[in-house]
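Following: one structure in C-alpha cells, then a few remarks.
The values are calculated or read from the model by the stated rules, or taken from the named source; none is laboratory data. Here the structure is a predicted model, which means the values were calculated and not measured. Positions of Cβ are backbone-derived with ideal geometry, glycine not excepted, and every protein chain shown enters the neighbour counts. What goes into the accessible areas is simple: the full protein's heavy atoms, side chains included, and nothing from ligands, DNA or RNA. Shrake-Rupley method; radii C 1.70, N 1.55, O 1.52, S 1.80 Å.
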Amino acid sequence: MWCQRLTWLLRGWHGSTGHRWPWLSRASRPVLAAPARCHPTAPASPCCAWQLHQDHLELRYGSTVMRLDFVWLRDHCRSASCYNAKTNQRSLDTASVDLAIRPQAVRVDESTLFLTWPDGHVTRYGLEWLARNSYEGQKQQVMHPRILWNAEIYRQAQVPSVDCRSFLETDEGLKEFLQNFLLYGIAFVENVTPTKEDTEILAERISIIRETIYGRMWYFTSDFSRGDTAYTKLALDRHTDTTYFQEPCGIQVFHCLKHEGTGGRTLLVDGFHAAEQVLRRSPEHFELLAKVPLKHEYVENVGGCHNHMIGVGPVLNVYPWNNELYLIRYNNYDRAVINTVPHDVVHRWYHAHRALTAELRRPDNELWVKLKPGKALFVDNWRVLHGREAFTGYRQLCGCYLTRDDVLNTARLLGLQA
C-alpha cells in the first residue's frame, strides 16, 4: 500500500531516532522568548522546543521537526485581519509582506506558538495545526488512502455493490459507494434501469458530467462511427482514457444496456498496484516514468467529427513532497511520437516502460468482469486501466465522464478523506 511505501521511502528521515537536535546553549540563545518546556503535569502534550535561525524558525513538536520560513509564518496568519474565517479565504496581501521579515518575539506554550511581528501584530498557531500543515508534516501524510489490489486481493475483499435505490436516495448508500471507489478505484451499482437516461441520473448523483468531444452522455455500438478502436468488436488492451487531454478525464461510467452475443468481458487492472511493484523492484524505472514528459495524440476525421487533441505529461504523476502517485497516463494506442527527450534518456525510458507494461500484463493483476444490463461500473481513470476482450453480436454500451473534483467534493462532504 502507499502508506507502507511512504514509510519505506521516508524511513531514513523519520526513523532516525538518533538525530541530534542542535539546540543552542541557554546563554547563546537570542533574547526573544524562552522556549516552552515539557510539563510533567500534562503528559499527553508532546514536548515542544524551538530555535531561531536567520530566515526561519525551527520547531520540534513531538517527533516532527519543522522548519518554518518567517514569510510563510506571517503569510498564513489566521487572525481576523489576515484571514476570513467565514469564507475560509486569505485577506492578507501576500505581496505586502516584507521578504526580510523576522519576528520580534516568540513564545510557545503547551499548544500554541505566538509570534509578535515588528509592527506589533501577533500571530497565533496551534502546534497541531503546524504539525499537519508544515512541509515536514505533509511528507508524513498520504493525500488519498488506497488499497492496492490484484485480482485475488479484490476478490477476497468481497467489495459489495451498492443498490441503485440506496445509492440515489440515502447518504449511507452513497457514502458506502464512494468509500469503495476511493479505496479501490472501481465501484459498482446494481439494479439500474438499463437506459441512457437512468445512467445519467446515476452519474449526476455524485458529480457534474464532463462534456467532451464525445458528447455529454456517450452511447455506442461497434459501428465505427468514431475514429476510435473502441467503436469496433476488436479486443482492447489495458489503457486509461483521454490521455490526449491536458487533464485526462477523472472518472468513467460504463453501463452495458444490451449484448446479444459472446465475449466482451471488461478487463480492469490497478495501475497503482503495478507501479508499486516497479518502485519496489526498480526505483530508477519509477523515477524515469515520473519525470519524462510524453505526448499523446488523437486525430479524427470521420464523418462530421474532426478533432486533433494533444496531451502532455509523464506516465506516472506524483506529488513531489511525498512521492505519492496520483495519476497514471498509459495508452499505447494514443501515444504520439516521442520527441521530447534525447536518445540516451529515451532508451532508458523504454526499459522502464517495459517493466511497467510487464506488471500491468501479469495475469494475476487482471480482473475480468462481465458487464450486464442493470450493473453500472464507475472507474477511476487516473488509477485503474480498463480493456475489453473481442466480442460477437450486437452490443450497446452507454456512459460518460465525470469531473474528478466534484466526485471528491461529494466524498469530503460525507466525511470521507479524498
Could you please tell me which pairs satisfy a Cβ distance under 6 Å, a separation of 6+ or placement on different chains, a first residue in the range 123-136 that is touching a residue at least 60 places away in the same chain (Cβ under 8 Å), and a second residue that is open to solvent by 30 Å² or more (accessible area, probe 1.4 Å) and in a loop (DSSP other than H, G, I, E, B)? Leu127/Ser111
Does the range 180-194 hold any residues that are open to solvent by 50 Å² or more (accessible area, probe 1.4 Å), in a loop (DSSP other than H, G, I, E, B) and under 22 Å from Leu267 (Cβ atoms), and which are they? Pro194
Being closer than 26 Å to Gln141 by Cα, open to solvent by 70 Å² or more (accessible area, probe 1.4 Å), touching a Phe, Trp or Tyr at 6+ places or on another chain (Cβ under 8 Å) and in contact (Cβ under 8 Å) with a residue 40 or more places away in the chain is the filter here; which residues of the range 56-114 pass it? Arg67, Arg78
Would you mind finding the one in His308, His343, His353 that is farther than 17 Å from Ile186 by Cα and either at pLDDT below 95 or not assigned by the TED database to the domain that holds Phe245 (or both)? His343
Which of (1) over 12 Å from Ile328 (Cα atoms); (2) touching a residue at least 40 places away in the same chain (Cβ under 8 Å) does His273 not meet, given it meets every other one? (1)
Residue list for the range 281-310, filter: under 15 Å from Ala355 (Cβ atoms) and touching a residue at least 24 places away in the same chain (Cβ under 8 Å): Arg281, Ser282, Glu284, His285, Phe286, Leu288, Leu289, Ala290, Val292
Do we find that Ala355 is in contact (Cβ under 8 Å) with a residue 24 or more places away in the chain, of a type in the set (Gly, Ala, Ser) and under 30 Å from Cys164 (Cβ atoms) in this structure? no
Look at the range 381-405 and say how many of its residues are in contact with a strand residue (DSSP E or B) (Cβ under 9 Å, 6 or more places away or on another chain), charged (D, E, K, R) and open to solvent by 10 Å² or more (accessible area, probe 1.4 Å). 4
Return the residue satisfying two criteria in turn: it lies in the range 235-252 and is polar (S, T, N, Q) and open to solvent by less than 30 Å² (accessible area, probe 1.4 Å), and of such residues it is nearest to Arg210 (Cα to Cα). Gln252
Pull up the range 82-109, narrow it to residues that are over 20 Å from Leu52 (Cβ atoms) and among the charged types (D, E, K, R), then point me to the one that is farthest from the chain's Cα centre (by Cα). Asp93
Residues in the range 357-367: is at least one open to solvent by less than 10 Å² (accessible area, probe 1.4 Å) and farther than 23 Å from Arg280 by Cα? no
Looking at Leu257, is it in contact (Cβ under 8 Å) with a residue 24 or more places away in the chain and part of a strand (DSSP E or B)? yes
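Conditions (1) on the phi > 0 side of the Ramachandran plot; (2) at pLDDT 95 or above; (3) out of contact with any Gly (no Cβ under 9 Å at 6 or more places or on another chain); (4) among the small types (Gly, Ala, Ser), marked per residue:
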position: Trp218; (1), (2), (3), (4): no, no, no, no
position: Arg238; (1), (2), (3), (4): no, yes, no, no
position: Glu260; (1), (2), (3), (4): no, no, no, no
position: Val278; (1), (2), (3), (4): no, yes, yes, no
position: Ser282; (1), (2), (3), (4): no, yes, yes, yes
Of all residues in the range 195-220, how many are assigned to a strand (DSSP E or B) and open to solvent by 80 Å² or more (accessible area, probe 1.4 Å)? 1
How about the range 313-356: which of its residues are of a type outside the set (A, V, I, L, M, F, W, C), surrounded by fewer than 18 Cβ atoms within 10 Å (Cβ to Cβ) and assigned to a helix (DSSP H, G or I)? His343, Asp344, His347, Arg348, Tyr350, His351, Arg354
